[in-house]
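Below: the structure, in structure tokens.
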Amino acid sequence: MKTTNEAAAPSARMSRRPLSHARALLILWLLIALYIANFAALSVLQNLAFETGAADLGNMNQAAWRTLHMGYPADTFSGEVAPRAGGHVEPAFYLLALPYALHQSANMLLVIQTVVVALGAIAAYMLARDVLGGEGAGLAFALVYLLVPSLQAAVLTEFHPVALAAPLVLFAFYYLQQRSLARFLIFALLAMSVKEDMALLVVMLGLYALVAPAPAGERRRMRLAGVATIMLGVAWFVVTVYLIIPRFSPSGDNVLFERYAEVGGSPQGLVR
């Protein structure tokens, strides 16, 4: 006859059994689905209740519509049709136009934003799983990502392409950690496409590649990738901020510099 301790042993062993990959993925996708259902509904309901405005949801909807039908992002927020490149450089609108074509409304942009941001939980899961060595750790960090208040606030603050940078940078960092440089480059380019200043964040990824530990056989490759990433990020930032935006700006200058007038009024002014 089994003692109480012997009878309890199998259940104890079962409770200590690590979470299977299949079950972890099921939980992960359930969390993502719940996030999408909740925040897509909340953001769309805000719009239907007239809790959104011309700035920024209205002009973003115009930019997506004009990208789809006219070939470039523009809006009429200033009173006349003006390219968005006069204020921000956001090539992501060309990619957003594809799902936007399925339902051409501001609500579609809100849903797209929620879905893309939610998918960042996959990158958080894979990063934590690989670094900490467990499916449970991966799920914990995926949940933390989905519960970050500032990210939830971004999803509920109308629509901005830059909100998509969070998942894109996470995926870029994950593939950099994996030394899958082709995929890293794809996500780094996507991150830079959502707003001109995201190029500086990609530069930080390049700096990380320079100092990140790597096997002897991969070290030179990682260093070259780091240098190339830094050069690419700096070049794109300079081109967008000093060439493209002034070219399309009504004033012929980068109007956003005015926001930093008290601390230099420009990147070089900030340095001084």
* Asked: When Lys and Arg each count +1 and Asp and Glu each count -1, what net charge do the other residues less than 14 Å away from L189, Cβ to Cβ, add up to?
  -> 0
* Give a residue-ordered list of calculated ³J(HN,Hα) values for region 35-47 (Karplus: 6.51 cos²θ - 1.76 cosθ + 1.60, θ = phi - 60°; whole Hz; x for Gly, Pro). => 4, 4, 4, 6, 7, 5, 5, 4, 5, 5, 4, 4, 5
* To do: Provide R247, R221 ordered by accessible surface of protein heavy atoms (probe 1.4 Å), highest first.
  => R247, R221
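Where Lys and Arg each count +1 and Asp and Glu each count -1, what net charge lies around A235 among other residues with Cβ under 15 Å from its Cβ? List each step's numbers first, then the result.
Values: positive: none; negative: E196, D197.
Around A235, the surrounding residues sum to -2.
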* To do: Would you pull out the residues with amide H under 5 Å of A74's amide H, same chain only if 5 or more places away, H placed 1.01 Å from N?
  => A63, R66, T67, R84
* To do: Using a Gaussian network model of the chain whose springs link C-alpha atoms within less than 10 Å, name the residue from Y242, Y94, Y208 with the highest mean-square fluctuation.
  => Y242
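In whole percent, and with a 1.4 Å probe on the protein chains, what portion of the accessible area of the chain is carbon and sulfur?
Working: 9860 of 14730 Å².
Using a 1.4 Å probe with all protein chains present, the chain comes out at 67 percent carbon and sulfur.
Roughly speaking, what is the stretch gain from A235 to S180, that is 0.36 nm per residue apart minus the C-alpha to C-alpha distance, in nm to one decimal?
Working: separation 55, 0.36 × 55 = 19.80 nm, distance 2.28 nm.
Fully extending the segment from A235 to S180 adds 17.5 nm.
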* Distance between modelled label sites at H103 and V115, nm, 7 Å Cα→Cβ extension -> 0.9
* How high is the relative contact order of the chain, in percent, with contacts defined as C-alpha pairs under 8 Å that are six or more residues apart? -> 18
* To do: Can you tell me how much longer the chain between L95 and L132 gets when fully stretched, taken as 0.36 nm per residue apart minus their C-alpha distance, in nm with one decimal?
  => 9.9 nm
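With contacts defined as alpha carbon pairs under 8 Å and 6 or more residues apart, what's the relative contact order of region 125-198 in percent?
Working: 59 pairs, mean separation 16.5, N = 74.
Averaging sequence separation for qualifying contacts and normalising by length gives 22 percent for region 125-198.
The values are calculated or read from the model by the stated rules, or taken from the named source; none is laboratory data. Predicted model only: the values in this text are computed from it and were never measured. We place every Cβ from the backbone using ideal geometry, glycine too, and count neighbours over all the protein chains shown. With ligands, DNA and RNA removed, areas are computed over all heavy atoms of the protein, side chains included. Shrake-Rupley method; radii C 1.70, N 1.55, O 1.52, S 1.80 Å.
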